[in-house]
Every structure is written in structure tokens, then in C-alpha cells.
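J.: There's a structure below that I have some questions on.
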Amino acid sequence: MPKGVSALELTLNERPPGIALTRWLHEELRHAVLDGRLRPGTRLPASRDFARQYGVSRGTAVTVFEQLLSEGYLRSQVGAGTWINERLPENLFGAKRPPVAVVSRPARLSKLKFPHPARPFRAHEPAIAEFPVEVWARIASRRLRRVTSALLAGGDARGYGPLCTAIAEYLGSSRGVNCSPEQVVIVSGVQQALDLLARLLLKPGDAVWMEDPGYFGAITAFTNVGARIIPVPVDEHGISVSKGKQLCARAKGAYLTPAHQFPLGMTMPLERRLAILRWAHDARAFLIEDDYDSEFRFQGRPVPSLQGLDKGESVILLGTFNKLLFPSLRLGYVVLPPALVDPFLAFRYGTDLHPAGLDQSILCDFIVEGHMGRHIRRMRELYAARLAALQAGGQRYLGGLLDISPIQVGLYTASFLRNGMTSREAETRATAHGIETMALSRFTLKRNDVQGLLLGFAAFDERQIRRGLEGLAAALDRKQGEAAG
């Protein structure tokens, strides 16, 4: 007979005055079964243990068990125990309860499911197989051997202090960020940061600029708080400040990806950066700078962050280690203007109190000891070679079908359809050919002139890229599809 889960404790209501003990206990157990608090297959304690647990005589417990057995709620076997019957008639539970009402939210990727392992051209995954696991394991082992009670207790809403210091120093040297460790707050990633910032800074009806096309996670965060999203078109230099001012000059804030625009990939030049900083100063608006994939620039000098140019403390910088190192790490950061630090931390106390400490200490050592810098340099060379293979293969296999953008940064590239297909049609056909990709139209708000696909290259070697391009060419070739049909 299969073993069931034992019922450790069951909360029972107080026995009403004038109700016999046996009747009260029978009704309490019966309702616990009907309400689903005692699930089918749950094993009950022995009658002696049950009687002791609930302060009744063993005779009362036996009488109630026998009545429930006769009614079909329980089953038992001598020497084995007593269980809630797995074969309870459906009508015992009465009419099904209507589902809990939930607020409808846009779910741009809710039907987009990627199986594992990754196949070309999944855009959001780094080269996980290339991560130096042995180094990470050695640091983790050392940390565990020397762990302190203070580290295990956690409790600082900012995060692990030495990690905040390491991040501030890293950002200052590599990204031109001007901040102190006290301005750095550790979060699980960019999405948690966006959720907290949206709820802290925006009220229902507040207007916020959003790149069009742009990052669906920001759209979701702003929509969830009832903000009025202003779709501002992106041109070859990034978000158009002039268009934004025409659409809503007094917006409360803006979200942008200046280092590597998501999803089109361009880098915002200095003139445009200064223009949006002037607008934010004049409108007294906040700017959320998502420093998306900025570490992986394959040509030219690194572009300083927008935050480093900001003199008016308008910019909030977001970053993550989840793509830089490995996705399940779940660690990122927010760099806040000094005036926002305390309100942000106070707001955070209403969610998760503080981030987990042990992984932060391991990451801190990984950064301070130089391992992250070496890993980034190695991945930069690897990703550059894989991007070159994608671009060269695109010219060979996709001529007249798809033009791959000549970007030189990040883990993915945008590509633009030349065969007359829509983005969604191309995505559907690619999926049918075993190719993982996303339609650019998934990231648009109002625009319908962006027809293409997002192609990730970081997680795939040159052989996988070549085979992926061959499959994508077959998917996008209408003539080949018609002949096959």
C-alpha cells in the first residue's frame, strides 16, 4: 500500500456550547476533508496519538474514525494505518468554487515557452557552459568554512556591504558611474528593481516615457501600477527626445537603455544623452537607465553611463549579474540618487526585507579577486567571434530574406525582414523549423513598421550558428515552404 503524507497538525474550531464532543470532532474532520485541508491520501495519526494531540479520550477518537470510515471519508488497513480516502465521490465537494478574480495584465511573452537546453537563436542566455564553475565553487567552499553568524543573519536592506563597495568601485572604473557604496542597493535583478521603482515613484495615471520598441519588463512594471505609458519612438540614436516632448513634455519619468537599446541595439550618442538629461532637469523627471549588456562591447571604447553625466541627480542606474555570469544567480543592483536611498529602502521593507547574504559574499570575492574581470574579457572575445560568425553566415544564407544589424555589443542582434513576412509570421515559421527566436513586434507599443526577429548568438558555437542559419533560411523562404507544401 502506498505511503501517504502524515497529518502533523490540524487546526480545529472551538467546540460550541451544548454540542457533544463526538459530534463536534466528527464535523470538524468531515469539513476539513470537504474543504481540502485534509487532502486525499493524507495519513492520520494513530487513534492514541490523535486523542493525546487533541485532548480527547481514545474511545472518542476511535468512535469518530469508525463513523468517518463507514461514510467513506477514510480508509484503513489493520497494522498499516488510516488515510483520507483517495476515491472520494466528486459530489462530496459540492459545486466548484469560482476562480479568484485577478486583474488582467498584458502578458507579451506568456505564450512564448522555450524548452531546455537552448537552441539557436535564444536571445537571453549567455554562454553558461563557459562560466568558471570551479573558481566559483572554490570561493563558495571557502566562504562556507569561514561563514559568520552575522552573514547568515543578513538584515541589511541595502545588501552585503562589501559587495556594495565592490560594485561602486567596479562601476566607477568600467562605466564612469559617480556613486558611493551607500547609493548601491542589491536586488534580485532588473525586474525586481523596476517593480519597486514603479511602485515607489509612480501613481495611477502618471505619465512615463517608454522606448518604442522597448523592454517588456518595464512595460509590465509601469502597467501594474496604473501608469500612463507614453510610447516614444526610437530612431538610429535611441529614444527621440523631441518626439517625447511633443507627446508629453511633463511626463513623470522615462525608462531607457542608452548603452545598448533593447531590442534594436543602437548606442545613444553624447548629444542625445545631454538632451534627455536637459529634459529631465527641466521637467523634474526621473530617468531609469537600464545598463543593458554594456559590458560586452566588441569595438571602440566603452561608452560611459548616462548616470556619470548627470549633475541633477535625475538618473537611477540598473544593472544585473544574471546575464553577465549565469541566470540563476539572481543578483543585480540599483544605483540611486542620494535623496531616493532612504525612501527606496523603506519601501523595500514591505517586500522582501533584504537580499540573501551568502551568494552576495561569494560574488563579492569573485569581483574583488579579479575573476569577474577575467571572465568578462574572455567572454568578450568569445562573443565577438560568435557575432562575426552570425553576421558572415547571415550574408551567406539569408540574402534577400533577413538583414542582420551590424551591431558590435551585447548577447543578441536585431534582424530585419526583407521577404515581405510580418514579425509574427516569421517567428511562427521559425518555431516550426526548430528555431528559437522572438518577433520584434513583441516589443512594440504603437509602431508597426518594425518587422524582424531577435537573434541571440552568445550561447552557441559556430557550428550551431551555421546550422541555425540554415534552418532559419528554410523557414523564411516562401518558395521552399510552398514547394514542401
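J.: Which condition number in (1) in the same structural domain as ARG142 (by TED's automatic domain parsing); (2) surrounded by fewer than 16 Cβ atoms within 10 Å (Cβ to Cβ); (3) of a type in the set (S, T, N, Q); (4) without any contact (Cβ under 8 Å) to a residue 60 or more places away in the chain is the one that GLN395 fails?
T.: Status for GLN395: all satisfied but (1).
J.: Within region 215-267, work out how many residues are within 27 Å of VAL409 (Cα to Cα), in a loop (DSSP other than H, G, I, E, B) and within 22 Å of the chain's Cα centre (by Cα).
T.: 10
J.: How many residues does region 392-408 hold that are of a type in the set (Gly, Ala, Ser) and in a loop (DSSP other than H, G, I, E, B)?
T.: Adding up the residues that qualify gives 3.
J.: What are the pairs with Cβ atoms under 8 angstrom where one residue, in region 30-45, is in contact (Cβ under 8 Å) with a residue 12 or more places away in the chain and the other, located anywhere, is among the acidic types (Asp, Glu) and surrounded by fewer than 14 Cβ atoms within 10 Å (Cβ to Cβ)? Sequence gap at least six, or different chains.
T.: From residues that are in contact (Cβ under 8 Å) with a residue 12 or more places away in the chain, the pairs are ARG30/GLU71; PRO40/GLU86; GLY41/GLU86.
J.: Counting just the residues of region 430-477 that are β-branched (Val, Ile, Thr) and outside any loop (DSSP other than H, G, I, E, B), which one comes out nearest to the chain's Cα centre (by Cα)?
T.: Top of the filtered list is THR431.
J.: Still on this structure: Take the conditions modelled with pLDDT under 95, farther than 15 Å from ILE316 by Cβ and either part of a strand (DSSP E or B) or more than 21 Å from the chain's Cα centre (by Cα) (or both) and apply them to GLY176. Does it pass?
T.: Here the answer is yes, as GLY176 does meet what is asked.
Conditions (1) touching a residue at least 12 places away in the same chain (Cβ under 8 Å); (2) buried (at least 21 other Cβ atoms within 10 Å of the Cβ); (3) at negative phi; (4) part of a loop (DSSP other than H, G, I, E, B), marked per residue:
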| site | (1), (2), (3), (4) |
| --- | --- |
| ARG143 | yes, no, yes, no |
| ASP156 | yes, no, yes, yes |
| THR165 | yes, no, yes, no |
| GLY172 | no, no, yes, no |
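J.: Okay, moving on. Does LYS323 satisfy being in a loop (DSSP other than H, G, I, E, B) and of a type outside the set (Asp, Glu)?
T.: Against the criterion (in a loop (DSSP other than H, G, I, E, B) and of a type outside the set (Asp, Glu)), LYS323 qualifies.
J.: Collect the residues in region 208-247 that are under 25 Å from GLY189 (Cα atoms) and among the hydroxyl-bearing types (Ser, Thr, Tyr), keeping them in residue-number order.
T.: The answer is TYR215, THR220, THR223.
J.: May I pose another question? Is it true that ALA275 is surrounded by fewer than 22 Cβ atoms within 10 Å (Cβ to Cβ), within 25 Å of ARG447 (Cβ to Cβ) and over 23 Å from the mean Cα position of the chain (by Cα)?
T.: Judged against the criteria, ALA275 is a match.
J.: Of the residues GLU313, GLU295, GLU271, only one is outside any strand (DSSP E or B) and in contact with a Pro (Cβ under 6 Å, 6 or more places away or on another chain); which?
T.: Residue meeting the stated conditions: GLU313.
The values are calculated or read from the model by the stated rules, or taken from the named source; none is laboratory data. What you see is a predicted model; the values in this text were computed from it and never measured. A quick note on method: Cβ atoms are made from the backbone with ideal geometry, for glycine too, and the neighbour counts reach across all protein chains shown.
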